[in-house]
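What follows is calculated from the coordinates using simple rules that are stated; it is not laboratory data. What you see is a predicted model, and the numbers here were worked out from it, not measured in a lab. So basically every Cβ, Gly included, is an ideal-geometry build from the backbone, and we count neighbours across all protein chains shown.
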Amino acid sequence: MSFAVLGFYPGKDELVFEQSINLSAEDLRPVMHWTDNTDHIGADFRLSTKQIIEIGRLASLALPEELDLYLTSTG
């Protein structure tokens, strides 16, 4: 399973940012408040400011602050 952060301008549907992140479901579980091993499958998650900061810290990335960001999974 791999994860990416997707970004959209507020109120728009056009993807303007995509960043793969090298974190596992186990790494993301406390940040995303997942309780089950399958909570991350088949859904995109709108990220809060706190989640954006924590994912950026864990992945050593600077994520854009002006976009609506979502966490998605593939594989």
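The residue list GLY7, LEU58, LEU71 was ranked by how far each Cα lies along the charge dipole of the stretch 2-74 toward its positive end, using unit charges on Cβ atoms, and LEU58 comes out on top. Mind putting together the pair-distance distribution for the stretch 18-75? All Cα pairs, 5 Å bins, whole percent per bin, short to long. Once binned at 5 Å, the Cα pair distances of the stretch 18-75 give 4, 18, 34, 28, 13, 3, 0. The H on the amide N of PHE17, modeled in the peptide plane, is under 5 Å from the matching H of GLY7, each at least 5 residues off or on a different chain.
Taking GluC sites (Glu not before Pro) as exposed when DSSP calls them loop and at most 13 other C-beta atoms lie within 10 angstrom, the chain has its longest site-free stretch at 15-64. Among HIS33, HIS40, a tally of other beta-carbon atoms within 10 Å of each Cβ gives an order, fewest to most, of HIS33, HIS40. Phi angles across the stretch 3-18 convert, under the Karplus curve 6.51 cos²θ - 1.76 cosθ + 1.60 with θ = phi - 60°, into 3J(HN,Hα) values of 10, 9, 9, 10, x, 9, 5, x, x, 10, 9, 8, 5, 10, 8, 8 Hz, Gly and Pro given as x. Write out the trypsin sites (Lys or Arg not before Pro) in the chain meeting two conditions: DSSP loop, and at most 16 other Cβ atoms within 10 Å of their Cβ. Here the trypsin sites (Lys or Arg not before Pro) that fit, given the DSSP loop and packing criteria, are LYS12. Mean residue ellipticity at 222 nm, helices only, the chain: -7500 deg cm²/dmol; runs of at least 4 DSSP H residues each add -39,500 (n - 2.57), and the sum is divided by the number of residues. Simple spin-label estimate for TYR70 and VAL16 gives 1.6 nm between the two label positions (7 Å along the Cα-to-Cβ direction from each Cα). Local charge for HIS40 was computed over the other residues whose Cβ lies under 12 Å away, with Lys and Arg +1 and Asp and Glu -1, and equals -4.
Put simply, the amide H of LEU47, placed in the peptide plane, has neighbours under 5 Å in LEU69, TYR70, LEU71, leaving out anything fewer than 5 places away on its chain.
The HN-Hα couplings worked out from phi for the stretch 24-39 by the Karplus form 6.51 cos²θ - 1.76 cosθ + 1.60 (θ = phi - 60°) are 8, 4, 5, 5, 7, 3, x, 5, 8, 6, 7, 10, 10, 5, 10, 4 Hz, whole numbers, x standing for Gly and Pro.
Given +1 at the Cβ of Lys and Arg, -1 at the Cβ of Asp and Glu and no other charges, the dipole of the chain around its Cα centre is 160 debye to the nearest 20.
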